[in-house]
Amino acid sequence: MATAERLVHSWMASEKDSEVDESVAGISSGQLTLLEIIKALGEFLTSEEDRLRAKGVEFLSSILGRCPHEKLNRQAVGVLTKFYCSRLEDLETIIPALKGLSYLVKFPNVQSADAKVILDVYVPQLRTSSLLSIMPRIFANVKMRALVQSIRFYVFTIVESLLSTHRSTLKEMGSTFLSGYVNLAVGEKDPRNLMLAFAIARVVLVEFDTSAHTEDFFDITFCYFPITFRPPPDDPYGISADDLKQSLRLCLSATPALGPLGIPVFLEKLTAGSPATKRETLHVMSICLPVYGPVVSREFGKKIWSSLKLEIFQPTDPTTEQSALDTLQVLVRTIHTDTSRESTSVDSIASLARDICNECMQTLKEPEKAQARAAMKVICVFAGADGPLSSFAVSQATELLMRNFHDPNEVSNRASIVTLLTELIDACRGDATHASIPQVSVLSSSPLAAQKDALLGLLIVSLKAPATRLPALHGLNALVRTPKLVADEELGYIVLEVSELLSQEPDEVEDVTADTLTLLSVIAAIAPHHLSSQTLPILFSSLPDDAPSRDAAAQRASYWRALSALSTLCVQPQLFETLVIRLTTKLDLLCVISPTRTIDEESTAAYAHAILTGLANTLDTKVSSKDADVPKYADQLLPRIFRLYLDSALASSEVMAVAADPRLLEVGARIIRLVSETLNVAQQEKLVTAVFAAYMQGDVKPVTNGLLKPIAPFAPFHLNASPRQRNSLTLFSSTIIPLHKEVRIPVDNLSTFLSELVAWSDSSSSTSFQLEAALHTIASIVNKHVEDASGFLSLQLEDYWSSRLNNTTIPAEARKDAISMWIPVLVLYLAFHFPLISHSQITRALIVRSHSSAHAFIDHLFELLDDNTVDWDAARALGLLASEDPVLTKRNAAVLKVCKGNSVCEVYLKKDRIIPDSTRAEILQCSDAEVIRRSQRCQWYVS
């Protein structure tokens, strides 16, 4: 370790940080002491040469900034405090001395006496005449405006540190500290320093007696309002305008004493400010008024209302208008804070509030005018207040509007009146998010309680007229959502009246159907029994037992409306159970197999499709909401669905089987998938075991709960199976797709099963509908059971290329179909061997692993571009690698993770291996366009 003298002399010559670090390391290890450093600096600290003296203090300050706090005892801190304070009197050493003090005040051994010594330097009144003779005025030499930002920052840091550790000492200093700090802070403009200055001012205003210096602190805080600071681009300090605004708001709202001085400033900014300034002013007023208190708020209440009224009745933009309303609400609540919450006397309402209410009542007498909407917004603000003011304002407004509603001369204005009442009802809900509790025994605290019956009657009457029907529905919706207001029997009355709208002609109520269903859905969540007894019978009666004929457009539209309404309303468990029973019964009647029936098969299929779609849409809503009752329908609904479809699949092709229609099969598969995805592992294993027993062994009893007695063998995987049985594979696939990866597929050898499924799909009798179901099954199984399917992947890729895709002896259509099959097989192989995987319209695959042999399989597709019979199919297949897929999703429990977006390019860079002619280039361009189009809207996934 070098000696202190060598370290000091070396730094004085080079000013390298290494000497400072070595000195601090020596002090930390005990090989050096701070006293030795000071002794070595002696000649420099007392040098007559200004430059050397300043450098000496700078070196000592640098060491203090890095020195462990435990290395300085109380005596050393006291001595250094006096030393640095004396250096502040030296114009040449004031800057390094400020740095040193900023470090020193953070040491735990700084005592209150030291704090006073430090502060004495900044407050010239405490200095003796002898000190003033050396330095006429400390502040004449330590002028904040004369110092650069970084040095001013040290000054604020010193004050903040002393304020944190020696607040009681500063309080004892009283006015001397307060006036001294004001002199320091005045005129500061740098955002970094202002953050500290605002924090200091906040603490002082909250905890110190500043009554004699209110104007001083008003001057050094309100002068910055409003903040217009915009940080420069790439600001390294990260100070935003919002940071400064928040800090200043805390200052402006620190003490009630600022109220009489601050409110006139706010009013001035509201009068002459820009919209942004007005919004900031209104926001700050909302924060400050509760602090300033009711006395100040009453004193300036009329002036504040005059400014706010302009922003409410003549708004420049909706945001400023809402800010003005929020501020008005704060003003009203502040004025009435000293009024007892239990007081119900109208006499307790302040005169300002009465005047505002009366002014708004005069405006509400003309409800058709725009000013009436603004007046109602003000009344709604009063409705949100506590105590008698809320009841007073609501009762005055409701009585006036209801009186006008029943006035024959105001018939043309009834729609406007109901709209205003709806806004008032909604405001009386406050922050409530739950609907009414249908309990008569519970007393309502709503200000609407006294007028509830009259309001309810008015809204029900308004349902009868087309002009007032829509606002009446909105009003009833708000009334029902008000907590503890509407009783159970009143909810039943509302349901009775509103349900009639669903039975009227569509031309009369088409514009309010959505709002009617919204209101009934709200009631269904709290009182479903009313809908079960009054609404559902009306809707079910609109569903005929037989399908309307093709030319009966009105009847078809009627059952579509009824099914749509049922789908919307029957989400609640009790209602959904009724829906399932009624609709499945209707399906059984429509889809019964009878060779003697002479009906329009297409119309019947369309009707059955609509019923199934309504049921599936309701299930989708419940599954998305994670309703707990859905899993039970694996036992109550799915057996009936399977019985319906399998019965049709077993029927002879000579008879009519409506449920065998592929369009109905798609919707049925959707229902099965929705229920299956809500099941746990054990429930899914039970379901998949029953499905495999039916499809692999022909035992349909487990999957239909014994509801089906087959008239023929059920063997859809047999190569000679009927088209109807083969089409039913979509039900099988819908069971497989949402399975959790923990669910075991009940077959002896998974690779063998998958290979047989490929062979089944490759049959000449396979349709695109059947092929899609098979490929979805393959993708889902391999995605979740890749280890068990490795043999299948390798075998298919070794044989399929030579036997099908590259075999020119087979028909072109067979080769094109093979490409459709080979793409998912290729993708599945790439799951093992290539760093790319994505979705496709058919299927996508699995785990990403890099392997050089994968390039050969990618090349195979490009080789097909030279074959005129399948070139376009190969190009489209390349594009499908980047397409979306609804099967391999998180919702279906697929094993997914995001892959690097640019890894797809590795496949298409292989085009460089081919030198195409113009035709080949055109095909490749098609492939590129497909990739770009699809990759713009999908993520890349791998399992």
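The values are calculated or read from the model by the stated rules, or taken from the named source; none is laboratory data. Keep in mind that this is a model prediction, so the values were computed, not measured. Cβ placement follows ideal geometry from the backbone for every residue including glycine, while neighbour counts extend to all protein chains displayed. Note: accessible area is taken over every heavy atom of the protein model, side chains too, but ligands, DNA and RNA are not part of it. Shrake-Rupley method; radii C 1.70, N 1.55, O 1.52, S 1.80 Å.
Odds and ends about this structure:
- Any helices (runs of 4 or more DSSP H) falling wholly within the stretch 768-837 and containing at least 3 residues that are within 19 Å of Asp748 (Cα to Cα), at pLDDT 70 or above and open to solvent by less than 20 Å² (accessible area, probe 1.4 Å): 768-784
- Qualifying residue in the stretch 300-320 (condition: closer than 23 Å to Pro191 by Cβ, open to solvent by 50 Å² or more (accessible area, probe 1.4 Å) and under 27 Å from the mean Cα position of the chain (by Cα)): no
- Residue in the stretch 223-234 that is within 30 Å of Gln314 (Cα to Cα), open to solvent by less than 60 Å² (accessible area, probe 1.4 Å) and not aromatic (Phe, Trp, Tyr) present: yes
- Elements of the type helices (runs of 4 or more DSSP H) sitting completely within the stretch 449-520 and holding at least 2 residues that are among the small types (Gly, Ala, Ser) and surrounded by fewer than 18 Cβ atoms within 10 Å (Cβ to Cβ): these cover 452-462.
- Just one of the listed residues (Val204, Val155) is of a type in the set (A, V, I, L, M), crowded, with 20+ Cβ neighbours inside 10 Å and more than 17 Å from Met144 (Cα to Cα), and it is Val204.
- Hits in the stretch 156-172 (condition: farther than 21 Å from Ser247 by Cβ and in contact with a helix residue (DSSP H, G or I) (Cβ under 7 Å, 6 or more places away or on another chain)): His166, Thr169
- Within the stretch 706-721, tally of residues that are farther than 25 Å from Asp762 by Cβ and either modelled with pLDDT of 95 or more or buried (at least 21 other Cβ atoms within 10 Å of the Cβ) (or both): 1
- Residue list for the stretch 281-295, filter: touching a residue at least 40 places away in the same chain (Cβ under 8 Å) and surrounded by fewer than 22 Cβ atoms within 10 Å (Cβ to Cβ): His283, Ser286, Pro290, Gly293, Pro294
- Residues that are open to solvent by less than 100 Å² (accessible area, probe 1.4 Å) and closer than 18 Å to Arg469 by Cα, drawn from the stretch 397-411: Leu401, Met402, Asn404, Phe405, Glu410, Val411
Residue-wise test of (1) without any contact (Cβ under 8 Å) to a residue 24 or more places away in the chain; (2) aromatic (Phe, Trp, Tyr); (3) closer than 26 Å to Val691 by Cβ.
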| residue | (1), (2), (3) |
| --- | --- |
| Ser594 | no, no, no |
| Glu601 | no, no, no |
| Thr604 | no, no, no |
| Leu612 | no, no, yes |
| Thr618 | no, no, yes |
| Asp629 | no, no, yes |
| Asp635 | no, no, yes |
| Phe642 | no, yes, yes |
| Ser648 | no, no, yes |
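- Leading residue by the ranking (surrounded by the fewest Cβ atoms within 10 Å (Cβ to Cβ)) among those in the stretch 1-44 that are assigned to a loop (DSSP other than H, G, I, E, B) and not β-branched (Val, Ile, Thr): Gly30
- Some residue of the stretch 266-279 being touching a residue at least 12 places away in the same chain (Cβ under 8 Å), assigned to a helix (DSSP H, G or I) and within 15 Å of Thr334 (Cβ to Cβ): yes
- Considering the stretch 56-108, the residues that are of a type in the set (A, V, I, L, M) and under 20 Å from Leu7 (Cβ atoms) include one that is most open to solvent (accessible area, probe 1.4 Å), namely Ala76.
- Matching residues in the stretch 693-705 - criterion: being open to solvent by less than 40 Å² (accessible area, probe 1.4 Å) and more than 20 Å from Pro631 (Cα to Cα): Ala693, Ala694, Tyr695, Gly698, Val700
- Residues of the stretch 543-589 that are more than 41 Å from the chain's Cα centre (by Cα), among the acidic types (Asp, Glu) and assigned to a helix (DSSP H, G or I): Asp588 alone.
- Condition met for Pro716 (part of a helix (DSSP H, G or I) and over 24 Å from Ala894 (Cβ atoms)): no
- Any hit, the stretch 580-598, residues being at pLDDT 90 or above, open to solvent by 10 Å² or more (accessible area, probe 1.4 Å), closer than 19 Å to Gln555 by Cβ and touching a Lys or Arg at 6+ places or on another chain (Cβ under 6 Å): no
- Qualifying positions in the stretch 23-44 - over 12 Å from Ser62 (Cβ atoms) and not aliphatic (A, V, I, L, M): Gly26, Ser28, Ser29, Gly30, Gln31, Thr33, Glu36, Lys39, Gly42, Glu43, Phe44
- Of the residues making up the stretch 385-434, those that are closer than 16 Å to Lys365 by Cβ and acidic (Asp, Glu) are Glu399, Asp407, Glu410.
- A Cβ distance below 8 Å, combined with a sequence gap of six or more or placement on separate chains, defines the contacts here; from the stretch 396-424, residues that are farther than 25 Å from Ala353 by Cβ reach residues that are β-branched (Val, Ile, Thr) in the pairs Phe405/Ile417; Phe405/Val418; Glu410/Ile417; Arg414/Thr468; Ala415/Thr468; Val418/Thr468.
- Ser47 meets the conditions (1) open to solvent by less than 50 Å² (accessible area, probe 1.4 Å); (2) touching a Leu at 6+ places or on another chain (Cβ under 8 Å) in every case but one. The failed one is (2).
- Hey, Asp661 acidic (Asp, Glu) and within 27 Å of Ser558 (Cα to Cα) or not: yes
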